[in-house]
Amino acid sequence: QEQLGESGGGLVQAGGSLRLSCTASGRTFSRYAISWFRQAPGNEREFLASIDYSGRSTYYTDSVKGRFTISRDTAKNMVYLQMNSLKPEGAAVYYCNADPQFPITDDYLGGGCWGQGTQVTVSS
């Protein structure tokens, strides 16, 4: 059973950048696609980006395309989300998620393995 953990959240000014990290324990992490989601208070969890098991394919939703970059270091069992040009509406808890399938649709709800989340606060 994979276990995920996010880190890197914090307070940033609008227009600034943060890099989130997702680490995993478990022997099969390298076989999973990893996705990033966020959830603001009162809102549903929102799918942002995904990367396939190899790191060669990525997918972004329109809300973050051109500003966020997802990447993975398979040797370190790490996946990253570089977030640039952060907007106030980007304030949320950010989660990573593991799924054997690589999601490429905006309505993706996530697989069964979630981290505990990391808080991102964006000041205007």
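The values are calculated or read from the model by the stated rules, or taken from the named source; none is laboratory data. Just so it is clear, the structure is predicted and the values come from calculations on it, not from any experiment. Note: ideal-geometry Cβ built from the backbone for every residue, glycine included; neighbour counts use all protein chains shown. What goes into the accessible areas is simple: the full protein's heavy atoms, side chains included, and nothing from ligands, DNA or RNA. Shrake-Rupley method; radii C 1.70, N 1.55, O 1.52, S 1.80 Å.
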Q: Name the long-range amide H neighbours of R72: under 5 Å, sequence gap of 5 or more, or other chain; modelled H, no Pro or chain starts.
A: Y80
Q | Protein accessible area in the chain, 1.4 Å probe - carbon and sulfur % | A | 45
Q | Isolated Cys residues of the chain, judged by Cβ distance under 4.7 Å to other cysteines | A | C113
Q: Taking H placed 1.01 Å from N in the peptide plane, check which residues at least 5 places from Q3 or on another chain put their amide H under 5 Å from its amide H.
A: S25
Q) Can you pull out the trypsin sites (Lys or Arg not before Pro) in segment 1-66 that DSSP calls coil and that have at most 14 other Cβ atoms within 10 Å? A) R27, R56, K65
Q: Report ³J(HN,Hα) in whole Hz for each residue of segment 84-99, in order, from the Karplus equation J = 6.51 cos²θ - 1.76 cosθ + 1.60 where θ = phi - 60°; Gly and Pro get x.
A: 10, 6, 5, 10, x, 6, x, 5, 5, 8, 9, 10, 9, 8, 10, 8
Q. Hey, what's the chain come to in accessible area per residue, 1.4 Å probe, Å²?
A. 52
Q: Can you tell me the relative contact order of segment 32-93? Whole percent, Cα pairs under 8 Å, sequence separation 6 or more.
A: 28
**Q.** For the chain, with +1 on Lys and Arg beta carbons and -1 on Asp and Glu, the positive-most of A92, Q39, Q82 along the dipole
**A.** Q82
**Q.** Rel. contact order, % - alpha carbon contacts under 8 angstrom, at least six apart, the chain
**A.** 36
**Q.** Choice from A75, A33, A92 with maximal GNM fluctuation in the chain (Cα, 10 Å cutoff)
**A.** A75
Q. What list of ³J(HN,Hα) values in whole Hz, one per residue of segment 110-120 in order, does the Karplus curve 6.51 cos²θ - 1.76 cosθ + 1.60 (θ = phi - 60°) give from phi, with Gly and Pro shown as x?
A. x, x, x, 10, 10, x, 8, x, 9, 7, 10
Q) Whole-Hz Karplus ³J(HN,Hα) for segment 62-67, in order, using 6.51 cos²θ - 1.76 cosθ + 1.60 and θ = phi - 60°, x for Gly and Pro? A) 4, 5, 10, 4, x, 10
Q: Using a 10 angstrom cutoff on alpha carbons, build the Gaussian network for the chain and name the most mobile of S35, S50, S71.
A: S71
Q) Under the Kirkwood approximation for Rh and a Cα-based Rg, what ratio Rg/Rh is obtained for the chain? A) 0.94
Q | For segment 74-108 and segment 14-33, distance of Cα centres in Å | A | 7
